[in-house]
1. Of V90, L107, L79, whose Cα points farthest to the positive end of the dipole of the range 69-113 (charges on the beta-carbon: +1 Lys, Arg; -1 Asp, Glu; origin at the Cα centre)?
2. Between F200, S154, Y216, whose Cα lies farthest towards the positive end of the dipole of the range 154-259 when Lys and Arg beta carbons carry +1 and Asp and Glu beta carbons carry -1, centred on the Cα centre?
3. Please report how far the C-alpha centroid of the range 104-173 lies from that of the range 195-247, rounded to the nearest whole angstrom.
4. With only Lys, Arg, Asp and Glu charged, each at its Cβ (+1 for the first two, -1 for the last two), find how big the charge dipole of the range 73-178 is about the Cα centre; round to the nearest 20 debye.
5. Test of the criteria: in the range 61-127, which GluC sites (Glu not before Pro) are in a DSSP loop and have at most 10 other Cβ atoms within 10 angstrom of their Cβ?
Amino acid sequence: MSAPRRPSATSSWASRRVADRDTIRTVDEEAFLGGNLSDAVRVGNTVRRRAGPWTPAVHALLRFLERERFDAAPRARGLDERGREVLEYVEGETHAGWPDPLPDWLLGEHCLVRSARLLRGYHDVVARFAPPPDGRWRLVAPTAHEIICHNDWSPWNAVFRSRRLAVMLDWDLAGPGTRIWDLANAAYVWVPLYSRAELFTLAERAGRLRVFCDSYGLADRSELLEVLRRRLIFVGDFIDEQARAGDPGFGKLSAWGIRAGMHRDAEYLDENREVFERALVLSPS
């Protein structure tokens, strides 16, 4: 979910293949890797995370991306004997985002541009993906189903190598939606467009929003702000619904007041819509 990870984590993914893709035996468990929704742990050259009804569909997606040689996604390797999903462990560095501040270089324009281009690359590849007909997805957008969205592409779900964005993590919220639905959320966290961020002035955020859309190659920007507003309300409500249903990961997010924050951010968009719209209607560079 697009809220920063509470525990700080550092990550590395090795490329070694695990032989048995269906049931994988656990070796010595090493580091707790954090994450809001899954309580991931490292086991040798793999990561083990809580699985759910959505896991088979997500693994079908990740295996498709592997076949398509999309290198910015982790590799799925089935389930272990405890029923946890198994992913290959990815080499690189991650950043928690909150409560620890993001490093200054991560807020630079090079990361903003790269984040949009990675998302565009994913969208172009996944447009060829045929989802399993019986697939169950954790987050289904209340929109047309154009592609399978990542749904949580953010600075705290990214692996960096030599300060360069390399891998998109945390695919457990992937699900049907539209490109602009996925793009709106990514802009929300990479620009960023949430009200509590004090790192950039309003004018700077508007400029960064334009850079993000230019870098993605978004031609029609007329619906972006309204889509983001609807997404903030929808996802905020979804978090609390899942928490009430007993999901422990969403329970954490609900306890942190994420829904209320997203509703405030929707109001922030309303209050500053004209500024953002002026930036968006400029001809793409």
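Derivation of every value follows stated rules applied to the coordinates shown; laboratory data play no part. It should be emphasised that the depicted structure is a prediction, and the values quoted were computed from it without experimental measurement. Note that we place each Cβ from the backbone using ideal geometry, even for glycine, and neighbour counts take in every protein chain shown.
1. Going by the Cα projections, it comes out as L79.
2. F200
3. Each part reduced to its Cα centre gives a spacing of 14 Å.
4. 280 debye
5. Values: sites: E66, E68, E81, E85, E88, E91, E93, E109; in loops: E68, E81, E91.
Within the range 61-127, the qualifying GluC sites (Glu not before Pro) (loop, at most 10 other Cβ atoms within 10 Å) are E81.
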